[in-house]
Amino acid sequence: MAPKDRWTRTHIRKLHITVTNDSAEVVELKVKHVIFGRDMLTHGIVKVTSGENPVEVKPHSTATIDTAEGKCTESDQHFDAKAKKMTESSGATIAGSGVQALQGDKLVAEWYEPDTMKEQWTKAQPMIGSKEATAKPKTPKK
C-alpha cells in the first residue's frame, strides 16, 4: 500500500428509489434526491450530489429510479514528511441522503437517512469541487 492510501478514502453512494401508486389513476411525479456529506475541514453538512427525475407511475404498480453516483474523497490530517509539516483534512465523507416526491408543487412523500438530514435539505451548500459548486449561474439574454 502506498503512503497516500493510508490517508485518502473514496466514498460512493447511489440511491435505488422505489415509488408505489395505490390509486386507480396514472400519477406523474417529480422525484428529488440529495446525497449529503460532512466536510472534513469545517465539519458542516454539504451536498455531494443532487438531482431530479420525472416519473410516471401506472395505477396499482411500482416504478424504480436509480440515481447518479455520489462520490467524494476525504483525506485525514497527517504529517507530510516531504514538506515537513502537517497537512489539513480535506474533502468530505458520506453522511446521509434524502428523497422527496412531488406531485406538481405538492410534497406527497419524503424519506431521509438519518432523519436529521431533513433540516439540512435547504441549508446544505454544494460540496467544493462538485459539479453544482463549479456550475456558472445562467444569465438571462438581453
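The values are calculated or read from the model by the stated rules, or taken from the named source; none is laboratory data. In this text, all values refer to a predicted model and were calculated from it rather than measured experimentally. Cβ coordinates were reconstructed from backbone atoms using ideal geometry, including for glycine residues, and neighbour counts include every protein chain displayed. Areas reflect the complete protein model, heavy atoms only, side chains present, ligands, DNA and RNA absent. Shrake-Rupley method; radii C 1.70, N 1.55, O 1.52, S 1.80 Å.
Can you tell me which residues in segment 20-52 are free of Cβ contacts under 8 Å to residues at least 24 places away in the same chain and touching a strand residue (DSSP E or B) at 6+ places or on another chain (Cβ under 7 Å)? If the condition is that a residue be free of Cβ contacts under 8 Å to residues at least 24 places away in the same chain and touching a strand residue (DSSP E or B) at 6+ places or on another chain (Cβ under 7 Å), then Gly51, Glu52 are the ones that fit. Just to be sure, is Ser75 among the small types (Gly, Ala, Ser) and modelled with pLDDT of 85 or more? When the stated conditions are applied, Ser75 does not pass them. Annotation note: of Lys84, Lys14, the sole residue that is exposed (fewer than 14 other Cβ atoms within 10 Å of the Cβ), over 27 Å from Trp111 (Cα atoms) and of a type in the set (D, E, K, R) is Lys84.
Mind checking which residues of segment 65-81 are in contact (Cβ under 8 Å) with a residue 12 or more places away in the chain, assigned to a strand (DSSP E or B) and open to solvent by 70 Å² or more (accessible area, probe 1.4 Å)?
The initial filter retains those residues of segment 65-81 that are in contact (Cβ under 8 Å) with a residue 12 or more places away in the chain, namely 65-78.
After this cut, where a residue has to be assigned to a strand (DSSP E or B) as well, the list is 65-66, 70-75, 78.
Scanning segment 65-81 gives Asp66, Lys71.
Quick check, is Lys47 open to solvent by less than 100 Å² (accessible area, probe 1.4 Å), under 13 Å from the mean Cα position of the chain (by Cα) and under 26 Å from Thr122 (Cβ atoms)?
Values: open to solvent by less than 100 Å² (accessible area, probe 1.4 Å): yes; under 13 Å from the mean Cα position of the chain (by Cα): yes; under 26 Å from Thr122 (Cβ atoms): yes.
It is true that Lys47 is open to solvent by less than 100 Å² (accessible area, probe 1.4 Å), under 13 Å from the mean Cα position of the chain (by Cα) and under 26 Å from Thr122 (Cβ atoms).
Ala81 meets each of the listed conditions (1) over 18 Å from the mean Cα position of the chain (by Cα); (2) closer than 18 Å to His11 by Cβ apart from (2). Exactly one residue out of Thr93, Thr122, Thr62 is modelled with pLDDT under 90 and in a strand (DSSP E or B), and it is Thr93.
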